[in-house]
Amino acid sequence: MASKSFSARTLDADALKAFAHPLRLRMYELLDEHGPSTATRLAGLLGQNTGATSYHLRELARHGMIEIVPGMGRGKEKYWRVTPGGFSYGEPPAGDPEAVSAMERLLDDLVRQRGAELARWRRAADQAPQEWLEAGAYGRRSLRLTAEETELMRDEVFAVLERFRAVSDGRDDAAPGEDVAHVVVHFDVLPLGAVAEG
């Protein structure tokens, strides 16, 4: 069964290598979590100079990870945001050790970021409004499936996520009185039983 991609695009080898830079990962994470920002503001948050953050923002933009927000900022001031639509890492190109190494760094960072997001929510959950506590969920399911059934399940879950991603991407800003939040969905399909443990 052919694998389907439900994100806007799959990162190529050059984008993987560019994205795997620690400062770029952190800048992307801040833009994703807090919304549009300037190079100057990011420099202050990260203890960097504006020249460095400007350079890394341009590199992220060159690979389509972020974009300038039209209509925000005055004069030469630019606000940057995460490019709507998301992405997937795909598979590193065979025969490109640098891309394989970048993929490993990105996956390690993904695990770190997910752990940090869960820990942050656990610390802050008792302060959240009741409706958000009821809307959120923790869960884990262990299933016994074939590889084909696993792909089918993955594709169906991604189709649901894609439907709500389109809703999210279509929302420029919350309408007055509309209560929206940055919602993170963790979804991993890990066929652990397919790997022999030694």
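The values are calculated or read from the model by the stated rules, or taken from the named source; none is laboratory data. All figures in this text were calculated on a predicted structure; none of them were measured in a lab. Virtual Cβ from ideal backbone geometry, glycine too; neighbours counted across all protein chains shown. Ligands, DNA and RNA are excluded from the accessible area calculation, which covers all protein heavy atoms including side chains. Shrake-Rupley method; radii C 1.70, N 1.55, O 1.52, S 1.80 Å.
How many percent of the accessible area of the chain is carbon or sulfur, using a 1.4 Å probe? That fraction is 54 percent. Taking GluC sites (Glu not before Pro) as exposed when their DSSP state is a loop state and no more than 11 other Cβ atoms lie within 10 Å, the longest site-free interval of the chain runs over 78-177. The alpha carbons of the chain give a radius of gyration and a Dmax of 18.7, 61 Å, in that order. Residue order by solvent-accessible surface for Leu31, Leu190, Leu161, Leu118 is Leu190, Leu118, Leu161, Leu31, largest first, with ligands and nucleic acids left out and a 1.4 Å probe. Rounded to the nearest 20 debye, the dipole magnitude of the range 109-173 is 440 debye, with +1 charges on Lys and Arg beta carbons, -1 on Asp and Glu beta carbons, and the Cα centre as origin. Ligands, DNA and RNA are left out, and with a 1.4 angstrom probe the accessible area of the chain is 69 Å² per residue.
Under a 10 Å cutoff between Cα atoms, tell me which one of Ser37, Ser168, Ser142 has the largest fluctuation in the Gaussian network model of the chain. In the Gaussian network model the winner is Ser142. Accessible area ranking (1.4 Å probe, heavy atoms, ligands and nucleic acids excluded), largest first, for Arg144, Arg24: Arg144, Arg24. Computed from point charges on the beta carbon alone (+1 for Lys and Arg, -1 for Asp and Glu), the dipole magnitude for the chain about its Cα centre is near 640 Debye. In whole angstrom, how far apart do the alpha carbon centroids of the range 44-77 and the range 119-155 sit? About 33 Å separates the Cα centre of the range 44-77 from the one of the range 119-155. For the range 1-144, relative contact order (Cα pairs under 8 Å, six or more residues apart, normalised by length) works out to 29 percent.
Distances between placed amide hydrogens fall under 5 Å for Lys78 paired with Ala39, all partners being 5 or more residues away or on another chain. By the combined test of axial Cα extent (at least 30 Å) and Kyte-Doolittle hydropathy (mean at least -1.0), the qualifying DSSP H helices of the chain come to 97-124, 147-169.
Among the chymotrypsin sites (Phe, Trp or Tyr not before Pro) found in the range 1-108, not one is both in a DSSP coil and sparsely packed, with 14 or fewer other Cβ atoms within 10 Å of its Cβ. If you build a Gaussian network model of the chain, linking Cα atoms that sit under 10 Å apart, which residue out of Ala124, Ala99, Ala116 swings the most? Fluctuation is largest for Ala124. Projecting the Cα atoms of Phe87, Gly64, Met103 onto the dipole axis of the range 53-106, where Lys and Arg carry +1 and Asp and Glu carry -1 at the beta carbon, places Gly64 farthest toward the positive end.
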